[in-house]
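Values quoted throughout were computed directly from the atomic coordinates according to the rules given, and no laboratory measurement underlies them. Given the structure is predicted, the values throughout are model-derived calculations rather than measurements. Because the Cβ atoms are built from the backbone with ideal geometry, glycine has one as well, and the counts that use them run over all protein chains shown.
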Amino acid sequence: MGSETETLVARWLDLVGPPPVPVLSGPWRIGAMTPGGDDVDLVWRWMNSPHVAAAWDQAWPRERWAGEIERQAAGAHSRPCLAYLDGEPVAYLELYRVLRDRLAPLYPCRPHDLGVHIAIGAPGDIGRGLGRSLLAAVAAGLLAAEETCTRVVAEPNVLNTASIRAFTAAGFRRAGEVTLPHKTAALLVHPRTEEDLPQW
């Protein structure tokens, strides 16, 4: 980024806080994780399951996951969360502020853009349409929680066709591709209006 862009981003960072934790509709509920909680064990087990490890590449020891959740919870970049369906934990989510993420310089982001990462925990919950339903509820919840947010984005690996299908079925639109250090990603955008789709 050039110096003018860096100065502008620095000003934006002073204006935006951490991502909100939205209220979801229907049978879904989302809760922010707290460091040291029993939920760390659940996320650690999920992340070491083959179907999640293949997509996330974060099959870390429990201690590292505990530190990761503590780091996120203490900062303003992202919020580690659990999603519950009818009271049962189903998925791990990271809600993040794009402006504070390495994704920011790769497309024309806006100061209040929000992003989401998702992992469905149990293998038996894959292929049931839960991801699509949850992602639609999360996108709607984030847009409702922050009026200045006009876009919710995601960047799954272009090779992860199942994830891309779930996002697009939830109302996300494919706006292009971006290159990150560890993957080529599909940039998926859930806009508030058609005019909010990024153009570049």
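For GluC sites (Glu not before Pro), the sites in segment 91-178 that DSSP calls loop and that have at most 11 other Cβ atoms within 10 Å are Glu147. Exposed loop sites here mean trypsin sites (Lys or Arg not before Pro) with a DSSP loop assignment and at most 12 other beta-carbon atoms within 10 Å; the chain contains its longest site-free run at 1-101. Subtracting the Cα-Cα distance of Glu195 and Lys183 from their residue separation scaled by 0.36 nm leaves 1.5 nm.
Based on DSSP H segments of at least four residues, each scored -39500 (n - 2.57), the chain has a per-residue ellipticity at 222 nm of -10000 deg cm²/dmol.
Modelled spin labels at Trp60 and Arg102, positioned 7 Å past Cα toward Cβ, are 1.4 nm from each other. Placing a pseudo-label 7 Å from each Cα along the Cα-to-Cβ vector at Asp86 and Arg174 gives an inter-label distance of 3.4 nm.
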